[in-house]
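Asker: First, the structure itself, so that you have it in front of you.
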Amino acid sequence: MTKAYGKDILRFVILVVLQVFILDHINLGGYINPSLYVLFILLLPFETPGWLLLVSSFLIGFSIDSFGNTTGLHAGASVFMAFLRPWAVRLAGAPAEYEGNLKPGIADMGFRWFFGYTLVLVMAHQFALSMLEAFRFAEIGYVLLRTLAGGAFTIVLIIIAEYLFMSKRK
Amino acid sequence: MRHILAFIWKHNFFFLFVLLEVVAIILMANRSFYQRSVLSNATDYVTGSAYSTWSGITSYFNLKRDNQLLAEENARLHRILTREQLSSDTLTHMVEDTVFNLQYTYVDAVVISNSTNRRDNYIMLNKGIRQGIERDMAVISPAGVVGTVVSVSENFSWVMSLLNKHSKISGRIQRLNQMGTVVWEGGNPAVGTLHDIPAHVKINKGDTITTSGFSHIFPEGISIGYVEEINIKSGDHFYTIHFRFSADLNSLRHVYIIKNQFREEQEELRKNIIND
């Protein structure tokens, strides 16, 4: 199992470090808080069992929380996103037949597929995040603004990261 | 029973999702309980060490600015000292007891982690229980108020920054001695809001807002910010004042943690009133 998910474990660590030491310090207008770390949840293999998907999402959220003193916030939003993932895969169009080595990235599934899949999940994550953070409906305008601004910025970062680290398939 | 188990097993994805969300929400809701737990101490140890290393590297980039700030502060403190000496030269006899009735003691600390882009922002400092830091101590920078200590581990402490929806500080317009409540409404990390200033007083742009000293946490007269925009809804009895924070909360480095030596006594006194 360690072998099958070796790349994912490495990605987990790199994304947490990037998020905590660099991205959390980006501040544009006070609304934008990009969450590149969700790329980990997006890129887990299609055949990842449901429990592992949820638990690993909880763990990456919890790691981010520990660094930002936001106990439970990112964990909650990440688990919500992981819960929606199987549905988002079906929505974007599941690969006809899992050949065991198709991965949910641009390289295997194409840009359009990946963009739709990312858009739905990142927006859901940002919405859950802003909602849990404000924790009251009175701030709904603020929540929506944060969701849109943060979500858009996150998606741009994810697409850039995908192209930068895209491995050519043989 | 077997049917229930079979049902849960069949929908294990959904039930695990609910379970993890409940855990996350319990963690959020019982933040203060979590912060006193062993797990929190362990994660603080890991994150604190990582942040210390990182801040050790990045500190070099700001040396010039930090030195400038500290030099300016030194100059200001020197000025106060000289004034004291001049005003006391008519005395024939002077008792120099610097410890008698000393109310506030200061500990210097370095910010090793900080954020300004969330709704609730926290700052991590490199001092903890071992250095005598406790909950509810005040934190200020050379320029002004920063926040309050909310959680302490062996060697580190978390500070609730002014940029937090739970942060509520008693402030006043210094020129008029009018009391109000300082909060942050999200968005721009340089601008805060002052509520509860009655509409009959005349406020000017640029008025200084300082701490009132009534909270038992902050000493009196520490700068919080400068009035920028004064609003009042028709029929309302209080102003809503937007002001610029005097401390740049986005580029904090050296701060002071302040202990009020009489805080317990003051709190005790207040408790007596409530209990009556």
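Nothing in this text is a laboratory measurement; each read-out follows from the coordinates by a stated rule. This structure is a prediction, so every number in the text was calculated from the model and none was measured. Cβ coordinates were reconstructed from backbone atoms using ideal geometry, including for glycine residues, and neighbour counts include every protein chain displayed.
Asker: Have a look at B:Asp66, B:Asp236, B:Asp44 and tell me which one the Gaussian network model of chain B (Cα, springs below 10 Å) gives the largest fluctuation.
Answerer: Among B:Asp66, B:Asp236, B:Asp44, the largest GNM mean-square fluctuation belongs to B:Asp236.
Asker: Follow-up. Residue-wise, which Karplus ³J(HN,Hα) couplings in Hz belong to segment A:115-120, taking 6.51 cos²θ - 1.76 cosθ + 1.60, θ = phi - 60°, and x for glycine or proline?
Answerer: 3J(HN,Hα) across segment A:115-120, in whole Hz: 5, x, 4, 5, 4, 4.
Asker: Past the 22 Å Cα-Cα mark, which pairs from B:Lys202/B:Lys233; A:Lys7/B:Lys10; B:Lys64/B:Lys168; B:Lys127/B:Lys259; B:Lys205/B:Lys233? Please list the in-between numbers first.
Answerer: Details: B:Lys202/B:Lys233 15 Å; A:Lys7/B:Lys10 30 Å; B:Lys64/B:Lys168 33 Å; B:Lys127/B:Lys259 13 Å; B:Lys205/B:Lys233 18 Å.
Too far apart for the 22 Å limit: A:Lys7/B:Lys10; B:Lys64/B:Lys168.
Asker: Quick check on chain B: helices-only [θ] at 222 nm, where DSSP H runs of length 4 and up contribute -39,500 (n - 2.57) each and the sum goes over total residues. Nearest 500, please. Each step should come with its number before you reach the end.
Answerer: Values: 6 runs with 91 residues, N = 276.
That comes out to -11000 deg cm²/dmol.
Asker: Right, another one. What range in chain B is the longest one free of trypsin sites (Lys or Arg not before Pro) that are in a loop by DSSP and have at most 16 other Cβ atoms within 10 angstrom?
Answerer: On the way: sites that count: B:Arg36, B:Arg135, B:Lys168, B:Arg175, B:Lys202, B:Lys205, B:Lys233.
Segment B:37-134 is the longest.
Asker: Taking K and R as +1 and D and E as -1, what net charge do the other residues with C-beta under 13 Å from the C-beta of B:Met160 add up to?
Answerer: Combined, the nearby Lys, Arg, Asp and Glu give +4.
Asker: Could I ask something else about it? How much mean residue ellipticity at 222 nm does chain A get from its helices, if each DSSP H run of length 4 or more adds -39500 (n - 2.57) and you divide by all residues, to the nearest 500 deg cm²/dmol? Don't skip to the answer; put the middle values down first.
Answerer: Values: 7 runs with 113 residues, N = 170.
Mean residue ellipticity, 222 nm, calculated: -22000 deg cm²/dmol.
Asker: Hey, what angle do you get for helix B:12-29 against the long axis of chain B, alpha-carbon based, 0 to 90 degrees rounded to 10?
Answerer: Orientation of helix B:12-29: about 20 degrees from the principal axis.
Asker: Karplus couplings for segment B:165-178 from phi (6.51 cos²θ - 1.76 cosθ + 1.60, θ = phi - 60°), rounded to Hz, Gly and Pro as x?
Answerer: Rounded to whole hertz, the list is 6, 8, 7, 9, 10, 7, x, 8, 6, 5, 4, 9, 6, 9.
Asker: Just to confirm the number: angle between the C-alpha axis of helix B:263-275 and the first principal axis of chain B, 0 to 90 degrees, nearest 10?
Answerer: 70 degrees
Asker: How large is the translational diffusion coefficient of segment A:6-164 in µm² per second when you combine the Kirkwood radius over alpha carbon pairs with Stokes-Einstein at 37 °C and 0.692 mPa s? Working shown, then result.
Answerer: On the way: Rh = 15.8 Å.
Translational diffusion coefficient: 208 µm²/s.
Asker: Can you give the local net charge around A:Phe40? Use residues other than it whose beta-carbon is closer than 14 angstrom to its beta-carbon, Lys and Arg +1, Asp and Glu -1.
Answerer: Working: positive: A:Lys7, A:Arg11, A:Arg85, A:Lys103; negative: A:Asp8, A:Glu162.
Surrounding charge for A:Phe40 is +2.
Asker: Among the aspartates and glutamates, which have Cα under 19 Å from the Cα of B:Lys271 when same-chain residues fewer than 8 positions away are ignored?
Answerer: In chain and number order, the partners are B:Asp136.
Asker: In degrees between 0 and 90, to the nearest 10, how far off the longest principal axis of chain A does helix A:73-92 point, with axes built from Cα atoms?
Answerer: The helix A:73-92 is inclined about 40 degrees to chain A.
Asker: OK, next. Would you kindly calculate the translational diffusion coefficient of segment B:113-181, applying Stokes-Einstein with the Kirkwood radius from alpha carbon pairs, for 4 °C and a viscosity of 1.567 mPa s, and quote it in µm² s⁻¹ without decimals?
Answerer: In µm²/s, the coefficient is 100.
Asker: Follow-up. Once the cut-off is 25 Å, how many percent of the Cα-Cα pairs in chain B end up in the long-distance tail?
Answerer: Details: 21924 of 37950 pairs.
More than 25 Å apart: 58 percent of the Cα pairs in chain B.
Asker: Other chains' Cβ within 10 Å of A:58-71 residues: what's the mean?
Answerer: Details: counts 7, 0, 0, 2, 5, 3, 0, 5, 8, 9, 8, 19, 9, 14.
Counting Cβ atoms of other protein chains within 10 Å of each residue's Cβ and averaging gives 6.
Asker: Can I ask one more? Amide H neighbours of B:Gln178 under 5 Å, at least 5 residues apart or on other chains, H built in the peptide plane: list them.
Answerer: B:Ile173
Asker: Right, another one. With only alpha-carbon atoms counted, please give the Rg and Dmax of segment B:169-245, in Å.
Answerer: Answer for segment B:169-245, Rg first and Dmax second: 11.6, 35 Å.
Asker: Explain nothing, just the number: relative contact order of chain B, from Cα pairs under 8 Å at least 6 residues apart, as a whole percent. It would help to have the intermediate numbers written out before the result.
Answerer: Working: 465 pairs, mean separation 46.7, N = 276.
Relative contact order here is 17 percent.
Asker: Name the residue, out of B:Leu125, B:Leu70, B:Leu16, whose mean-square fluctuation peaks in a Gaussian network model built on chain B with Cα pairs under 10 Å.
Answerer: Result: B:Leu16 has the largest fluctuation of those listed.
Asker: Something else: Applying the Karplus parametrisation 6.51 cos²θ - 1.76 cosθ + 1.60 with θ = phi - 60° to the phi angles of segment B:235-252, what ³J(HN,Hα) value in whole Hz is obtained for each residue in order, glycine and proline being reported as x?
Answerer: x, 8, 9, 10, 6, 10, 10, 9, 9, 8, 5, 6, 8, 7, 6, 8, 10, 6
Asker: Something else about it: Taking a cut-off of 29 Å, what percent of all Cα-Cα pairs in the protein assembly as shown are separated by more than that?
Answerer: Details: 54697 of 99235 pairs.
When every Cα pair of the protein assembly as shown is considered, 55 percent fall beyond 29 Å.
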